[in-house]
Each structure stands twice: as C-alpha cells, then as structure tokens.
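Here is the structure we will look at.
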Amino acid sequence: MLYGKDNQAMKLSMRCATIAALLIVFFAPLAHSTEKCNGYIYDAISAGDNRAIVVNRITHYVGVQDKRDVRFDASFGNFGSFYEDCGNDTFYCLSGPLDIVIPKSVAMKQWEYNGLSCKRLKYPQGDTFRVTCTSSRLHHTGTSFTYSPSRGVLSFGNSPVGGVTRGNGFVLRGKRGLFSSGHNP
C-alpha cells in the first residue's frame, strides 16, 4: 500500500511540474512583450567585425561594444557619447554620436534640419526606404540609413560613433529600432 501512495504522489508532482512548465511557456512571452524597451542594438555587418552600436534610451548614451557581450547597463567608455533628442512636431531627430533626422510625414522626399540635408531614396521592401544625408558641419561626412515607419531605423552606414563603413554598416538586432512606432528615444 505504501508503494501505491508514493506512486500517486509522484504522478501528482509530475502533473504539477508539467502545468507549471506550460504556464511559463505561455506567459513568458506576454511578460516579455510588456517590458519597457531600454534601447537598441545595431550589429556590424562585416564578417569578423565584432562591434555593436548600443543606444541606451534611459541614459541617452550611444556606445560601441563587443557584439558577443552587449549590455545596456555597461559603463560609459571611450568609444561613445551622449545623444540629444532634437526631435520636434515635424521630425524625429538624434544628434551626437548618431546623426539621424527623419520626417514624421513619410510623404516628404527631401528635408533640411539640424545641420543635415537629407533625401529619401526608393527601397524595394514594403514600407522601407533608404535615406542619405550630407552635413554642413566640419569633419562630418554625413550619414545614411534604412528606415521603416513601422519598425524604425533598420540599419545605418556612416556615423560619428561607427565611423565610415564603406557600405558595410550596422544592422538592427531585434524587431524594432530607433523611431519605431511607440518606441522613440
């Protein structure tokens, strides 16, 4: 009789463990999706380039880290600096280590704002378009980036923090980047 009670207790314990595991599998994505976005990670595209550009929304710091060990709470380093949100009613804008200006109205094809003169180029994927900007600032070559109104900044080329990348650039790690719907700095 003792063996039967132990067997029943074991079965009950296994059922509880199975239910707990199913609850974790079901509710973990829901909990994750409600977390506040702390920032964005953009990985270097070039093979062998282990850099990542990390944009921290809390501290307003943009830094270069090793993409194999990225952390939003990393110390401020020599390879980065603080950004300024220079946006207004007409433009999304970051100034500093990343110079990005995007009109909130996607109908705009050319614009000038915050020392950048930009134009939108066609891009063959959905709501995505390519932007190239030149700068009026000394020692700044301008920047280029790919943007989607639904997903935000998906990739970028030249930038003060990433350097001149000669077409290789940095690509978003994850689903939503800078200036994506509901996730602005």
Determine which aspartates and glutamates satisfy two conditions relative to LYS104: a Cα distance under 14 Å, and not lying fewer than 8 residues away in the same chain.
ASP89, GLU112, ASP127
Need the full-extension length gain, THR128 to GLU84, defined as separation in residues times 0.36 nm minus the C-alpha distance. One decimal, nm.
13.4 nm
Amide H contacts of GLY39 (H built 1.01 Å from N, under 5 Å, at least 5 apart or other chain)
ARG57
Sites ARG173 and THR59, calculated FRET efficiency, Cβ-Cβ separation with R0 22 Å, nearest 0.05
0.70
Show me the ranking of peptides 80-87, 92-99 by mean Cβ neighbours inside 10 Å, starting with the highest.
92-99, 80-87
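Here, each number is a calculation from the coordinates, and none is a lab measurement. Since the structure is predicted, the reported quantities are computational estimates derived from the model, not experimental observations. Cβ: placed from backbone, ideal geometry, glycine included. Neighbour counts: every protein chain shown.
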